[in-house]
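Notes for the one structure printed next.
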Amino acid sequence: MGSWRKWIEAGRSVADERALEYLSNGRPSRAVRYFKGRLREQSKRLGWEHHETLITLCHLGAAYREAGRIEESVTLLTQNYGQLQRLFGNQDAATILCVSELAASIYAAGDRDAAHNLLSLLSEALDEARRLLGDAAAETLSLECQLALFYRAEGRLFEALSLMSTAGLYADVLGSNHSVTRQAETIWDEIGAAVKRMTDSFNDPDRHPLSATDRAAVSMTQAVAMEITTMREDRDGFQEVWHRAAKLWDYARRWYETHDGADHMNTLAAVEQQADCLVICGEGEAAIPLREAVYAERKKALGPDHPDTVKAEYNLARGYLEHGQVPAAIVLAEHVVDVWKRTHGPSDRYALSAMRTLAYGLHSMGRISEAEPLLQHLEDNGWEVRISNE
């Protein structure tokens with residue numbers, strides 16, 4: 001993506017201070033006229049397929065959108081995107097920035113499905129913008145807000161929150177009247193409202209039940225659960241914090257189970273997080289039924305050898321081993337080791353971890369001769385293994 005520097009030099013020469021001021025101060029029609037004039041001059045001097053000319057077309061498409069001429073914006077940017085792909089490829093910075101503007105225009109036109117098809121390129125563009133331009137650059141803020149809009153449309157405010165900079169930064173960099181600034185302010189307002197709905201419902205679910213469509217508040221339930229568990233283990237109230245996180249995940253799980261079904265990926269993800277919280281705060285036995293449910297659902301939906309199924313199986317095997325259900329733990333761990341060795345090799349970290357669980361189980365059952373080769377393999381791979389002979 002070395003062409004980012006080329007874009008900065010060429011693009012800034014096109015989108016000069018006058019045009020940027022027009023867009024930032026809510027005067028997009030002036031920006032349209034300006035870019036049309038630049039386009040006439042560049043097309044004669046450089047030709048229609050020159051990199052700078054295509055960048056100007058991208059700016060013009062964005063100006064059309066800001067002026068409310070959505071259909072013209074989508075048409076122009078679609079054609080421009082095709083040209084950039086053909087001439088410079090998907091990895092060219094101008095192509096990626098055109099993708100960003102096209103996604104914004106398609107989204108403004110109400111075609112969210114089509115805009116979502118461009119998400120991977122938008123994510124790549126955002127990573128590069130942050131690395132090369134910095135978090136406070138106008139291009140970076142526009143890209144992160146565009147991605148956040150997609151997450152917001154799906155009720156995934158936690159992902160939107162994780163992307164976005166502080167609300168005031170958008171106004172400082174882009175101007176208070178810029179469409180991206182207004183969109184960012186809307187998302188922040190929705191995040192605040194969702195947190196309040198989540199808090200009210202969690203504290204008093206009978207008086208403040210969440211509706212079947214309120215995915216935003218459920219998403220923030222998950223966000224709060226993750227946030228409060230970032231404290232260190234040695235801080236006061238550690239167990240209480242993880243207890244509260246487990247309750248929040250249980251709340252999210254019950255909502256997803258009711259509205260998406262027990263076998264939906266959102267439900268299972270919440271169950272796994274709830275189980276992890278219970279284990280950490282010393283209630284591992286209570287986590288076992290949850291892990292059993294996840295394993296059963298993943299096995300039914302994905303098959304016994306799918307990576308997600310095998311990971312759920314491994315978590316359950318560890319739970320069984322730690323709470324005295326050793327024979328059952330051995331059966332599960334043997335399958336995990338077999339699958340992971342075949343698919344990732346015998347020295348893969350996950351395979352070694354499963355071997356350790358299996359070796360502990362075999363040793364505790366007196367099956368020393370079966371455990372010893374596993375223990376030796378672990379030591380050969382640098383794993384320290386301690387097993388009492390008592």
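Given R45, R65, which one is on the phi < 0 side of the Ramachandran plot, basic (K, R) and without any contact (Cβ under 8 Å) to a residue 24 or more places away in the chain? One residue alone meets the criteria, R45.
Residue count for region 355-384 under the criterion of being closer than 15 Å to V337 by Cβ, touching a residue at least 12 places away in the same chain (Cβ under 8 Å) and not in a helix (DSSP H, G or I): the result is 2.
The number of residues in region 78-105 being crowded, with 18+ Cβ neighbours inside 10 Å and within 15 Å of L122 (Cα to Cα) comes to 15. Restricting V336, V310, V331, V385 to those that are of a type in the set (V, I, T) and touching a Pro at 6+ places or on another chain (Cβ under 9 Å) reduces the list to V310. Applying the criterion of at least 3 residues that are under 28 Å from D348 (Cβ atoms) to the helices (runs of 4 or more DSSP H) found wholly in region 235-320 leaves 265-280, 284-302. Here region 277-317 is the region considered, the condition is being among the basic types (K, R) and either in contact with a strand residue (DSSP E or B) (Cβ under 6 Å, 6 or more places away or on another chain) or surrounded by 22 or more Cβ atoms within 10 Å (Cβ to Cβ) (or both), and the residue that is nearest to E370 (Cα to Cα) is R291.
A short reminder: the numbers here are calculations on the coordinates, not readings from a lab. In this text the structure is predicted, and so the values were computed from the model without any measurement. Note that we place each Cβ from the backbone using ideal geometry, even for glycine, and neighbour counts take in every protein chain shown.
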